[in-house]
């Protein structure tokens with residue numbers, strides 16, 4: 001039979017002895033650490049704090065630290081950013097002019113002024129579109145079967161909605177002859193709207209540069225329709241802009257009207273422009289959405305379609321997306337956030353469709369993009385989530 005072990009109860013002298021022994025060990029070996037509340041401290045990265053020599057004692061000698069130890073500190077930078085909102089083709093003539101004269105200029109963009117109760121055009125540093133025609137008070141006879149003329153006072157539609165940059169590199173800005181062409185730049189300047197692009201080829205009008213919150217942006221406007229450009233010469237212009245700008249945006253008028261897939265040369269040119277330094281490519285002219293792809297991580301929109309136009313003969317000519325571009329700079333790092341907002345037109349007037357129709361527009365946009373380059377499947381969430389972050 002096993003007996004339960006018994007222990008002798010120690011007397012008071014036993015506890016005193018234990019306490020004295022423990023105190024001696026603490027003093028001898030320096031184990032005692034005062035219990036104080038922990039508070040985080042801020043340390044200057046390039047200063048190493050060490051106890052001064054005259055504070056050392058026999059019990060606490062000075063710390064010995066190897067002299068070749070290096071402390072590597074990752075610098076932090078405050079992010080700088082510039083925000084841009086970009087649209088496709090914008091017309092202020094034909095039936096759009098009729099609507100302006102009938103209902104007033106404020107009626108043209110009334111359907112897209114508010115997005116979920118938020119002002120859609122506000123908060124951007126740049127609001128951009130392709131201005132598909134000359135701004136001049138004079139309409140002259142012309143041999144062109146389709147010729148546009150925009151009244152200068154109708155530029156209030158743009159300024160009232162914060163548009164401050166337009167592309168003038170297209171096949172219609174020359175519709176009213178030399179005088180109308182010159183008037184366009186003069187009236188844009190009078191209304192405080194910057195322009196980029198020369199319809200006739202590369203010139204001093206082809207580029208525009210600006211700096212926003214420390215972010216340097218360079219723009220190139222190119223037209224490859226009635227007038228042709230040399231892609232090698234255009235690439236040199238892009239490369240030159242890149243030497244002094246954080247980001248370069250190319251607006252180019254090209255492609256075949258009403259076709260959703262770009263031609264082979266467009267994809268080849270897009271790659272060459274990206275390799276030259278283009279960070280974003282915004283295409284115009286086909287009047288419908290064309291495929292989207294990423295080249296070396298840079299977004300290429302081959303055609304943004306119609307934003308304000310009077311082409312009602314198909315669903316596709318009345319669908320577009322607004323592109324949100326957030327350019328971010330943080331030290332040597334560069335980043336672009338790209339967002340999409342589907343837009344539809346009803347008798348030339350743009351509006352925000354309901355969620356079902358919005359997703360249908362984006363689904364078709366994805367189909368065009370997949371046909372352009374099946375590799376876009378890896379980024380199919382972009383057409384659902386409607387935004388993507390690109391680091392480079």
Here the residues within segment 322-340 that are under 21 Å from residue 251 (Cα atoms), surrounded by 19 or more Cβ atoms within 10 Å (Cβ to Cβ) and in contact (Cβ under 8 Å) with a residue 60 or more places away in the chain are 322, 323, 325, 327, 328, 336
Against the definition (more than 24 Å from residue 212 (Cα to Cα), modelled with pLDDT of 95 or more, in contact with a helix residue (DSSP H, G or I) (Cβ under 8 Å, 6 or more places away or on another chain) and buried (at least 23 other Cβ atoms within 10 Å of the Cβ)), how does residue 300 come out, yes or no?
no
With the checklist (1) crowded, with 17+ Cβ neighbours inside 10 Å; (2) more than 17 Å from residue 288 (Cβ to Cβ) in hand, flag the one item residue 347 doesn't pass.
(1)
Taking segment 281-297 and keeping residues buried (at least 24 other Cβ atoms within 10 Å of the Cβ), touching a helix residue (DSSP H, G or I) at 6+ places or on another chain (Cβ under 7 Å) and under 22 Å from residue 328 (Cβ atoms) leaves 281, 292
Selected residue [surrounded by 13 or more Cβ atoms within 10 Å (Cβ to Cβ), assigned to a strand (DSSP E or B) and in contact with a strand residue (DSSP E or B) (Cβ under 7 Å, 6 or more places away or on another chain)] from 88, 111, 133:
88
Are there any pairs, at least 6 apart or on different chains, whose C-beta atoms fall under 6 Å, with the first in segment 266-280 and surrounded by fewer than 21 Cβ atoms within 10 Å (Cβ to Cβ) and the second modelled with pLDDT of 95 or more and not in a helix (DSSP H, G or I), and if so, which?
271/295
Could you tell me whether segment 138-145 includes any residue that is in contact (Cβ under 8 Å) with a residue 40 or more places away in the chain and over 23 Å from the mean Cα position of the chain (by Cα)?
yes
How many of the residues making up segment 241-272 are more than 26 Å from residue 319 (Cβ to Cβ), within 21 Å of the chain's Cα centre (by Cα) and in a helix (DSSP H, G or I)?
4
Unique match (being touching a residue at least 40 places away in the same chain (Cβ under 8 Å) and within 17 Å of residue 89 (Cβ to Cβ)) among 238, 252, 231
252
Restricting the search to segment 366-392, which residues are in contact with a helix residue (DSSP H, G or I) (Cβ under 6 Å, 6 or more places away or on another chain), within 30 Å of residue 114 (Cβ to Cβ) and either in a helix (DSSP H, G or I) or free of Cβ contacts under 8 Å to residues at least 12 places away in the same chain (or both)?
366, 369, 383
Take residue 353 and decide whether it is assigned to a loop (DSSP other than H, G, I, E, B) and under 23 Å from residue 109 (Cα atoms).
yes
Over segment 273-315, the set of residues over 20 Å from residue 223 (Cα atoms) and within 18 Å of the chain's Cα centre (by Cα) is 293, 294, 295, 296, 297, 298
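The values are calculated or read from the model by the stated rules, or taken from the named source; none is laboratory data. No experiment lies behind these values; they were computed from the predicted model shown. All Cβ positions, even for glycine, are placed from backbone atoms using ideal geometry, and neighbour counts span all protein chains on display.
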